[in-house]
Structures are given as structure tokens and as C-alpha cells.
Amino acid sequence: MKPHAFAIRNLHAPRSGEFAAPVRGMRKPQVLKNLAQDIIGRRSWAIVVELHGVQNIIAALKGSNAKTYAIWAGWITVAFFSVYPTLNWLTSLRPHRYQLYVPAELSIPFVPQFVWAYMSMYVLFLLPLFLMPAARMPALGKQLVFGTIASGIVFLILPADLGFTRTIPSDPLYASIFAAIFGVDRPHNLVPSLHVVFSCAILLACADCARRPMKMFLLAWGVLIVASTVLVHQHHLLDVISAILLVMLLRRCFTWQNRAP
């Protein structure tokens, strides 16, 4: 059994007036067992307490994980802010822009509630710090940096216009959220969707390190984010498909190699 995972089962309540106080030198599992007995009270319960990941989180906040994460986060930030806002502004000035969608796509409904899934992408940037070992981070960092550069080249070659009419919902909460999104994001950097590139690259890299339940959760999260880019009318189908293909290519070009003997 791992040192950071333990189970407490079949605990019986202490007698009236007893208190299972921790004793100096007592091991951590025994201390928590005594506390659990106090909390349980008079009834017997089958309790499983798992602290999976606690030590990993502590370790992530110090040592090589944090250092490697900070280095690559810096490079990704530089790449993104050098490419995305600059090309969005340049494309807005170009007289000719492409409509890279089919008319049937414009009938896709606008579902403002999916904005929560859409914005959850920003939480993803923290996941590698806690779910990935430092040795795997450079491969993901390269995927995101070169994915941003490759997307910027396509933005230059295929300047595009969003086909959807941007709509501010009537609900005050959603109105403020979408007004903020529209205020900072011009409708031009479309093919491929960097939102999808970043989300899929990060989630797949984290899923590579995860066990099956967490892997399935991360993949489901990715599906929601990808769907949200279309359902909140920020992207078209070609944007999403091209982004997924780009991520597949990046994962083949920049992959983690286990050099252990």
C-alpha cells in the first residue's frame, strides 16, 4: 500500500466519555483513525479514507515540477501573446477575409450555458503542475509553443470571418460574460481553434499520466470544451477538426521518451 493512501474500515465508536486523543509519536494513520472514531460517535461505519494525491500536490509546489512548469509556462505565454492578439488585429485590417464554413453550420443553436465549459479551459493550465511529472512537461510545452506558431501561420494564410452573429444573451450573468469575451477576442483567428489546440493537448498529456477513472474524466472534459467552442458560437466545425488534427501531429512530433534503462 502506498504511504499516501490508507483505509479506515469497520471503526467502532468509543464508549461514552472516551476520547481517542493522539499520542506523541503515534503514526499519522492511527491519529486519523482515532479522530474518525470520535467523529463517528455511537454507530459503526465502514469508512474508506484515501489521500491519493496529497503528497503529489505538495511535491508539485516545490522542486523540479514547479521549476519546469514555470519555465514552460513562460515560453507558452510569450508565444501566445506574440501571435494571437497581433494576428487578430492584423486580420481585422485586411480587406479580404475567408468564410471557412458551410451555410448549414449557421443553424447550430447558440447555447450560452456552455460558456462554463468553454471558460474551463483556463483551469487546464494548472493541471500539468499537479498531474504530470517534470520529465513529461517539456514535450507538452513544445506542443503548445509550436502549436501556437503553426496556428499563427495558418491565421496569416487564411484570414477568416466568423459566420455566426455574435449575440449577447438577455440573462444579466451571461450578458456580462459574453460581453467580456467579445471585448477581448476579435472573430478572426479561427482555423485552427487555439482554444481546442490548447485544451486537447493539455488534457491528452495529463490523461497519459492518469489512471483509468481520471483518464475518462479528462477525456469527457475535453469533449465538453470542444463542443462548447461551437455551441457558444466562437468557432466553426473546420476550426475544431483542424485543431484536433494539429494536436495529433504535435503529439507525434513532440513526445515524451522514457530514457530509463
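Read-outs: derived from the displayed coordinates by stated rules, not from any lab. None of the values given here were measured: they were computed from a predicted structure. Neighbour counts run over all protein chains shown; Cβ positions are idealised from the backbone, glycine included.
Counting other beta carbons within 10 Å of each residue's own, what order do His236, His195 fall into, fewest first?
His195, His236
Residues with amide H under 5 Å of Ala160's amide H, sequence separation 5 or more or different chain, H placed in the peptide plane at 1.01 Å from N; which?
Tyr98, Leu190
Can you give the charge dipole size of the stretch 55-253 about its Cα centre, rounded to the nearest 20 debye, using +1 on the beta carbon of Lys and Arg and -1 on the beta carbon of Asp and Glu?
680
Assuming R0 = 35 Å, what is the FRET efficiency of Ser176 and Cys209, from their Cβ-Cβ distance, to the nearest 0.05?
With R0 = 35 Å, the Cβ-Cβ based efficiency is 0.45.
How would you order 101-107, 152-158, 229-235 from highest to lowest mean count of nearby Cβ atoms within 10 Å?
Answer by packing, highest mean first, reads 229-235, 152-158, 101-107.
How big is the equivalent ellipsoid of the stretch 55-253 along its three axes, where each semi-axis is √(5λ) from the Cα gyration tensor, reported in whole Å from largest to smallest?
So the three semi-axes of the stretch 55-253 are 29, 19, 16 Å.
Which percent of Cα pairs goes in each bin when the distances of the stretch 143-261 are cut into 5 angstrom slices starting at zero?
2, 11, 18, 19, 18, 13, 9, 5, 2, 1, 1, 0, 0
Only sites in a loop by DSSP and with at most 15 other Cβ atoms within 10 Å count here; which trypsin sites (Lys or Arg not before Pro) in the stretch 129-206 make the cut?
Taking the stretch 129-206 and a limit of 15 other Cβ atoms within 10 Å, the loop trypsin sites (Lys or Arg not before Pro) found are Arg166.
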